[in-house]
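The values are calculated or read from the model by the stated rules, or taken from the named source; none is laboratory data. Note that the structure is a prediction, hence the values are computed from the model and not measured. When we count neighbours, we look across all protein chains shown, and the Cβ atoms used for this are built from the backbone with ideal geometry, even at glycine. Just the protein is used for accessible areas: all its heavy atoms, side chains included, with ligands, DNA and RNA removed. Shrake-Rupley method; radii C 1.70, N 1.55, O 1.52, S 1.80 Å.
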Amino acid sequence: MKYRKFRNSQDDISLLGMGCMRLPVLRDGRGIDYVQAGEIIDYAYENGINYFDTAYYYHGGESERFIGQALKKYPRNTFYLADKMPGYALKKEGEMERIFDEQLERCQVDFFDFYLCHDVRESSFDKYVNFNVIPFLKKKQKEGFIKRLGFSSHGKPDTLKKTLDLNDWDFVQIQLNYFDWSYQDAKRQYEMITERGMPVTVMEPVRGGRLANLCPEANDVLKSAKPDKSIASWAIRFAASLPGVLTVLSGMSTMEQIIDNIDTMDHFEPITPDEQLILDKAVEILKAQTLVPCTACRYCVSECPAGLDIPRLIAMYNDYSVSKKSFGLADIFELPDDKKPDKCLACGLCTGNCPQNIDIPDVMKKLADEVAKL
Ligand code: SF4
Ligand code: SF4
């Protein structure tokens, strides 16, 4: 494992961090599979990962409980735990104290090493300001409940700048990967943060898994260059190659993924200029083929009055779009009628929550039209 120092401290942070947003779940859908997920956390810890990132709403709140239990057996000073205040969901200022106390209790810790204002962007910025979230968290920091205070952002560069101006942050978390480097202005955002001397923690380095398995043409480009390396390893190496990155948070769901990612980091070598040209070629192919850039973050799902599994439907649409074969839509026929895309009410409630700014009702309509043709 490779480590990077947190600013001028003595803290060595593993360059690969464990995101606890996509832990393995039970087949019956009744929450996290504690056995499998526990094995993943143990493997991570034993192989040098010391940064674990959770949030109040990950896995409906179960992620915090799970990671608290999974890390309890390890000395508190051997890992760094990051959690987040869901300011975007606050109804009133007074809720923060209860949420923060609940997080400490769920995670079974006395303090958080890293703590973030969660998902500050255009639709949530005013809540963070009007509900005085930052003064509240700075007070918690002064009292010793938070060691380092940062924020995560899915916003556009202008909102990122406004948020950077709000406070002297310790670190910032952004979505960064070789596809979004140009596609979603990640390069500009990275530069805005690092110019201020702040380290970047990276989320979505593999873009919700999409950069672990590209379309056949793009896969071929990467496989021809490095036949014995996984497609995902390119994505992990790209993010980790940036000197301003403190840790690359991968939301690993299987043992296979964590073994591969740790192998990548154990033999880490920065992306060379020649390899960057290869990545650029793969990105061009992807851009031509990627129709809906969904990362399966599921921020849109809770607002949907029709109860649609939006990311799942979008994944089917993308499969279909790339293959142009009906098997990409086969799963749709397994869905109950009231969960099919034609049940979208076009209310638009989901779009405001989408970090990728996807026009979800439009995708639902196109998907429904394709299904109707079959
Ligand atoms: S626009 Fe469609 S998918 Fe989005 S919240 Fe409304 S019903 Fe759900
Ligand atoms: S549509 Fe947007 S909000 Fe919904 S899962 Fe995909 S990226 Fe996330």
> Expressed in nm to one decimal, what extension gain is obtained for the pair Glu303 and Glu122 from 0.36 nm per residue of sequence separation less their Cα-Cα distance?
Replying inline: 63.4 nm
>> Using a 1.4 angstrom probe on the protein heavy atoms only, could you order Lys84, Lys5, Lys142 from most to least accessible area?
In response: Lys142, Lys5, Lys84
> What distance in nm separates the simple spin-label points at Met255 and Thr351, each placed 7 Å from Cα in the Cβ direction?
Replying inline: 4.5
> Excluding ligands and nucleic acids, what accessible area in Å² is computed for Arg148 using a 1.4 Å probe, to the nearest 10?
Replying inline: 40
> For region 301-373, which whole-number percentage of the solvent-accessible area (1.4 Å probe, protein heavy atoms only) is attributable to carbon and sulfur atoms?
Replying inline: 51
> If one computes P(r) from the Cα atoms of region 1-150, what percent of pairs lie at distances over 25 Å?
Replying inline: 30
> So how exposed is His118, as accessible area in Å² (1.4 Å probe, rounded to 10)?
Replying inline: 10
>> Among Ala186, Asn47, Thr163, which residue has its Cα furthest toward the positive end of the charge dipole of the chain, with +1 on Lys/Arg Cβ and -1 on Asp/Glu Cβ?
In response: Thr163
> Counting only the heavy atoms of the protein chains, how much of Thr194 is accessible to a 1.4 Å probe, in Å² to the nearest 10?
Replying inline: 40
> Rounded to the nearest 0.05, what FRET efficiency is calculated for Lys161 and Asp337 with R0 set to 56 Å and r the Cβ-Cβ distance?
Replying inline: 0.75
> Ranked from the most accessible area to the least, with a 1.4 Å probe and all protein chains present, what is the order of Met18, Met192?
Replying inline: Met192, Met18
>> Principal axis extents for region 3-288, Cα atoms only, whole Å, descending order, please.
In response: 56, 43, 40
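How much FRET efficiency would the formula 1/(1 + (r/R0)^6) give for Arg188 and Asp362, where r is the Cβ-Cβ distance and R0 is 25 Å, rounded to 0.05? It would help to have the intermediate numbers written out before the result.
On the way: r = 27 Å, r/R0 = 1.06.
Here the calculated transfer efficiency is 0.40.
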>> Given the options Ala346, Asn318, Ala306, identify the residue whose Cα lies farthest towards the positive end of the charge dipole of region 301-373 (+1 on Cβ of Lys, Arg; -1 on Cβ of Asp, Glu).
In response: Asn318
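State the antiparallel share, in %, of DSSP beta bridges confined to the chain, rounding to the nearest 5.
Values: 4 of 33 bridges.
If we restrict to bridges inside the chain, about 10 percent are antiparallel.
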> For the pair Gln10 and Asn219, how long in nm is the line joining their label points, each one 7 Å along Cα→Cβ?
Replying inline: 4.9
> For labels at Glu269 and Ala89 in the simple 7 Å Cα→Cβ model, what's the distance in nm?
Replying inline: 4.4
> What FRET efficiency would be calculated for the residue pair Met1, Val35, taking the C-beta separation as r and a Förster radius of 30 Å, to the nearest 0.05?
Replying inline: 0.75
>> Please list Glu334, Glu102, Glu143 from largest to smallest accessible area, probe radius 1.4 Å, with all protein chains kept in place.
In response: Glu334, Glu143, Glu102
>> Quick check on the chain: helices-only [θ] at 222 nm, where DSSP H runs of length 4 and up contribute -39,500 (n - 2.57) each and the sum goes over total residues. Nearest 500, please.
In response: -12500 deg cm²/dmol
> How much accessible area per residue does the chain have, in Å², with a 1.4 Å probe?
Replying inline: 44
>> Nothing charged except the Cβ atoms of Lys and Arg (+1) and of Asp and Glu (-1): what's the magnitude of the dipole of the chain about its Cα centre? Round to the nearest 20 debye.
In response: 500
